[in-house]
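In what follows, a single structure is set out as structure tokens and then discussed.
A short reminder: the numbers here are calculations on the coordinates, not readings from a lab. All of these numbers come straight from a predicted model, not from anything done at the bench. As a convention, Cβ positions derive from the backbone with ideal geometry for all residues, glycine included, and neighbour counts pool all protein chains shown.
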Amino acid sequence: MNPSVFIFGTDHKLQCGNKKRYSTNTLNEFREHLHRIIEEHGIAFIAEEMARNRVFFFSEACASETIAAAIAQELDLIHCYIDIDEKTTTNLCILPEQLEDVSKSLAATDHNSEILFGSLKHNLRHGIRERVWIARIYAANLWPTLFICGADHVMNLQALLCQTGCESRIIEMDYDPAPGDPDEEEDHDEQQKAMDEVLSNNTEKDLPHTSD
């Protein structure tokens with residue numbers, strides 16, 4: 001089978017099942033959407049822009065694994081977090097704070113420093129990490145692959161995959177449904193009861209007569 005990657009851009013907090021930001025309904029919709037994609041395209045391998053120790057951070061202690069990782073286990077699919085870890089990032093000198101120090105030392109003004117920092121982050125930090133992800137996807141050699149990543153990387157990844165001879169398709173540029181209120185579902189029944197009570201108390205009343 002020819003190498004092919006389906007790219008799914010989304011928010012990391014949704015990716016990690018953050019129940020403080022997203023309602024249960026929204027998380028379930030995301031889960032079902034991934035299920036449909038896996039079934040429709042016969043996905044053999046799920047890779048994610050994520051490191052295991054970052055799941056706890058993005059989920060705000062709500063989860064120990066991503067939603068996609070749980071689905072992979074359920075469906076007996078191979079899954080891998082393929083982002084580089086913090087130690088490696090530090091050794092490569094591409095931590096955001098390291099790049100910020102570089103931009104401040106090279107730029108003449110604060111404004112230029114901000115511009116340079118943005119350029120270093122996009123072209124250096126993102127560029128290095130994205131190439132590592134693609135190398136790790138190729139090393140897995142399981143096709144088709146579903147790759148879940150932050151929305152900022154979608155276009156770059158498709159371009160890099162094309163340059164390295166891999167077919168790719170963007171499934172979602174930035175799948176990020178309205179977070180909603182996580183407490184909304186818990187309150188819904190009580191709100192409905194209150195509304196029913198109000199309606200039941202509003203029995204038919206005679207309208208006041210008006211003269212012509």
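In Å, what Kirkwood hydrodynamic radius results for the stretch 77-172 from the alpha-carbon pair distances? The partial results should precede the final answer.
On the way: mean 1/r = 0.0671 Å⁻¹.
In the stretch 77-172 this quantity evaluates to 14.9 Å.
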Exercise. Using only the alpha carbons of the stretch 1-67, determine the length spanned along each of the three principal axes and report them from longest to shortest in whole angstroms.
Key: 40, 26, 16
Practice problem: Give the distance, in whole Å, between the Cα centre of the stretch 118-145 and the Cα centre of the stretch 14-83. | Solution: 19
Quiz item: Taking a quarter of the surface of the Cα convex hull of the stretch 116-171, what do you get in nm²?
Solution: 3.9
Exercise. Report ³J(HN,Hα) in whole Hz for each residue of the stretch 67-78, in order, from the Karplus equation J = 6.51 cos²θ - 1.76 cosθ + 1.60 where θ = phi - 60°; Gly and Pro get x.
Key: 4, 5, 5, 5, 5, 4, 5, 4, 9, 6, 9, 7
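Tell me, Kirkwood radius of the stretch 46-129 from alpha-carbon pair distances, in Å?
Values: mean 1/r = 0.0679 Å⁻¹.
Kirkwood hydrodynamic radius for the stretch 46-129: 14.7 Å.
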Quiz item: Toward the positive end of the charge dipole of the stretch 30-157, about the Cα centre and with charges on Cβ (Lys, Arg +1; Asp, Glu -1), which of 102, 151, 75 goes farthest?
Solution: 102
